[in-house]
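> I'd like to ask some things about the structure below.
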Amino acid sequence: MIDSMLPKNIEDVILFGKQDELESMVGEIREKDLVPEDLQYALESLSFFRSHYASVASQLSEHDREIVVKYDADWAMQIIQRLNGRCSEDLIEKSA
C-alpha cells in the first residue's frame, strides 16, 4: 500500500529535485519498501539515467541533448502516472 502523500513527494523530487535528492529518495524507498518493486526499479533506473547523462552532457551534440531531455521528461511522467495510479488503486481498495 502506498501512503497518500508519497506520490506527491516523489513527484516533487522527480520534477524539481537535484540528483542527490533523487538518489537519497530512491535509497529510502528501497530500504523501507515504500512502493512496489516495479516502481522502485523505475525510479532507480531514472536516477542512473540522469546521473549518466549528466556526466556526459558536455560531450553530446545539441540535438542529442534535446533527445535526452525528451526521454527524461517522458520517463518521469510515466513513473508519476504509474505511481498516482497505484495510489488511487490502493485508496479504492481501502474504501471497499
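The values are calculated or read from the model by the stated rules, or taken from the named source; none is laboratory data. The shown structure was predicted, so the numbers you read here are calculated from the model rather than taken from an experiment. Note that we place each Cβ from the backbone using ideal geometry, even for glycine, and neighbour counts take in every protein chain shown.
> Identify the single condition in (1) among the basic types (Lys, Arg); (2) within 11 Å of the chain's Cα centre (by Cα); (3) closer than 16 Å to LEU83 by Cβ that LYS32 does not satisfy, given that it satisfies every other one.
So LYS32 meets the others, but not (2).
> Within segment 1-8, is there a residue that is β-branched (Val, Ile, Thr) and more than 24 Å from GLY85 (Cβ to Cβ)?
Filtering segment 1-8 down to residues β-branched (Val, Ile, Thr) leaves 2.
Of the ones still in play, those that are also more than 24 Å from GLY85 (Cβ to Cβ) are none.
No, because not a single residue in segment 1-8 is β-branched (Val, Ile, Thr) and more than 24 Å from GLY85 (Cβ to Cβ).
> Filter segment 59-96 for residues that are over 16 Å from LEU15 (Cβ atoms), at pLDDT below 95 and part of a helix (DSSP H, G or I) and give the result.
Of the residues in segment 59-96, the ones over 16 Å from LEU15 (Cβ atoms) are 59-68, 85-96.
Checking the rest, the ones that are also at pLDDT below 95 come to 85-96.
GLY85, ARG86, CYS87, SER88, GLU89, ASP90, LEU91, ILE92, GLU93, LYS94, SER95 - these are the residues of segment 59-96 that are over 16 Å from LEU15 (Cβ atoms), at pLDDT below 95 and part of a helix (DSSP H, G or I).
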